[in-house]
Structures are given as structure tokens and as C-alpha cells.
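Novice: Have a look at this one before I ask anything.
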Amino acid sequence: VPWRAITVAPVILVSGPQEFFADRAVKTIRDGLRAKNENLEVVEIDAAEYAPAQIFDLASAGLFGDSKLVVISGAERCSDALIPDVIEYLSQPAEDAVVIIKHSGKSVRGKKMLEAIRASDIAVEGTCLEVTKEAERLSFVEAEFSSKGRKIQRQAAQALIEIFGKDFEELAAACSQLQNDDSGDVTVELVEKYFGGRLETDGFKIAD
């Protein structure tokens, strides 16, 4: 499923080269789990430094039985030990634990592991693909508002893209600022009020 549509599962594969989307997906999962259990224990490791059997120790219940979230990043450069351990873990996941595996897809490293995750009934995959088309960037901006129950005019969304281009981190920050500072639908006038100094008038307004 697209990264925004990821649901909680014992094992979650976050795949694709768009790092900002991957980080957002992990944050959304973490925040959702923490909203249900404020004592959630979060453990993050680099797949390249993974040691044999580590996933079983990391996912096991904490001292006070708190829920666990284990995030294993950089699976495209993982140690040899991670691949068979993840495959084994899929058959015996820990109770009250969520394991997220991030793989950029920039190499075929861990192919057997990825195939096992995708074939497993206990796992879900969220894709974080590169966005190259303007229509896809517009969809991203509009989703930033609709996910919070807000609306942005198409022209206002186009203005934000004109200003921030392909920088999704800045786009997301701008969307958040507009939502926090103003209520109601977001118009192009509001975008110009906040970010007009960065808007290339001869490109955007002449097109308008």
C-alpha cells in the first residue's frame, strides 16, 4: 500500500527510495502506537550493525511488559545475520511488538528476506516511491490537508509547489504552518501572505 495507508502489523516493511516518506511512515506508526500506550519502548538499529538473533531480544517484552517498536533501518545494506533471522521471526513474532524494516530498494541486498515478508500473512508493506510528476506532488500537498480534515484550493497547492519544488520536508512544514496558523480553506491569497516573498511571480502568475 502507499506509505500513508500503512496499518499496524507485527512486521512492517517500509520500502522505496523516498526517505522523507519512509521517515513519515515510521513516525505515523510510532505516534499511533504511543497514543495507545504511552509507555511504548522504541528501539532503533542500523541493519548493517545487526548481530545474530538480535531481533528476538529487541522484540521481546521489556522489564515491565511494555509494548515494543523495533525499527531496523538500512536493510539494503544489512549484515548477513539479519536475513535468516527476519525470515525465522516471521514464523514466531513476539507478542505486543511491532518490527519495522526500512529498505530503500536501491540494491537487491536482502531479496530473500523481502520476498518472505511480502509473502507473510502477518506483514504489511508500505511503498515510498519517488515522486516525479506535478500531479503527484499536488496529491501530496492535498493529502497533507485532507488527512487533517482541511481543504486547500488547487491553485494554492500549485503555488506551494512553485515555491518549494521537490523539497517534501519544506512542503510538509509549510502545510503544517498554514494549518496551525489559520482555519478554514487554504487559498492562494493565504499562501502568498505567508510565502509570497519566495514565489516566482513571472512564472506562476503569468501562467495564472
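Novice: Which residues, counting only those in region 46-62, are open to solvent by 60 Å² or more (accessible area, probe 1.4 Å) and either among the aliphatic types (A, V, I, L, M) or in contact with a Pro (Cβ under 8 Å, 6 or more places away or on another chain) (or both)?
Specialist: Ala61
Novice: Please give the helices (runs of 4 or more DSSP H) falling wholly within region 91-208 in which 1 or more residues are within 30 Å of Asp66 (Cα to Cα).
Specialist: Per the criteria, 111-119.
Novice: Same structure again: Please name all residue pairs, on different chains or six or more residues apart, with Cβ atoms under 8 Å, provided the first residue is in region 166-188 and is farther than 14 Å from Leu138 by Cβ and the second residue is open to solvent by less than 70 Å² (accessible area, probe 1.4 Å) and not in a helix (DSSP H, G or I).
Specialist: The qualifying pairs are Leu178/Ile152; Leu178/Val186; Gln179/Arg150; Gln179/Val186; Asp185/Arg150; Asp185/Ile152.
Novice: If the requirement is being at pLDDT below 95 and in contact with a helix residue (DSSP H, G or I) (Cβ under 6 Å, 6 or more places away or on another chain), which of these qualifies: Leu82, Leu13, Leu40, Leu63?
Specialist: Just a single option satisfies the conditions, and that option is Leu40.
Novice: Out of everything in region 75-108 that is acidic (Asp, Glu) and more than 21 Å from the chain's Cα centre (by Cα), what residue ends up being most open to solvent (accessible area, probe 1.4 Å)?
Specialist: Glu95
Novice: (1) within 21 Å of Glu130 (Cα to Cα); (2) surrounded by fewer than 17 Cβ atoms within 10 Å (Cβ to Cβ); (3) in contact with a strand residue (DSSP E or B) (Cβ under 6 Å, 6 or more places away or on another chain): which one isn't true of Asp66, the others all being true?
Specialist: (1)
Novice: Inspect region 116-135 for any residue being among the hydrophobic types (A, V, I, L, M, F, W, C), at pLDDT 95 or above, under 21 Å from the mean Cα position of the chain (by Cα) and open to solvent by 30 Å² or more (accessible area, probe 1.4 Å) and give the result as yes or no.
Specialist: Scanning region 116-135 turns up at least one residue that is among the hydrophobic types (A, V, I, L, M, F, W, C), at pLDDT 95 or above, under 21 Å from the mean Cα position of the chain (by Cα) and open to solvent by 30 Å² or more (accessible area, probe 1.4 Å).
Novice: I need the full set of residues from region 82-117 which are of a type outside the set (Gly, Ala, Ser) and under 11 Å from Ser15 (Cα atoms), in order please.
Specialist: Ile100, Ile101, Lys102, His103, Lys106, Leu114 - these are the residues of region 82-117 that are of a type outside the set (Gly, Ala, Ser) and under 11 Å from Ser15 (Cα atoms).
Novice: Mind counting the residues in region 1-35 that are in contact with a Gly (Cβ under 6 Å, 6 or more places away or on another chain) and either of a type in the set (Gly, Ala, Ser) or free of Cβ contacts under 8 Å to residues at least 24 places away in the same chain (or both)?
Specialist: The qualifying residues number 3.
The values are calculated or read from the model by the stated rules, or taken from the named source; none is laboratory data. Computed from a prediction, not measured in an experiment: that's the story for all the values here. Neighbour counts are summed over all protein chains in view; Cβ atoms, including those assigned to glycine, are modelled from backbone coordinates with ideal geometry. Only protein heavy atoms, including side chains, enter the accessible area calculation; ligands, DNA and RNA are left aside. Shrake-Rupley method; radii C 1.70, N 1.55, O 1.52, S 1.80 Å.
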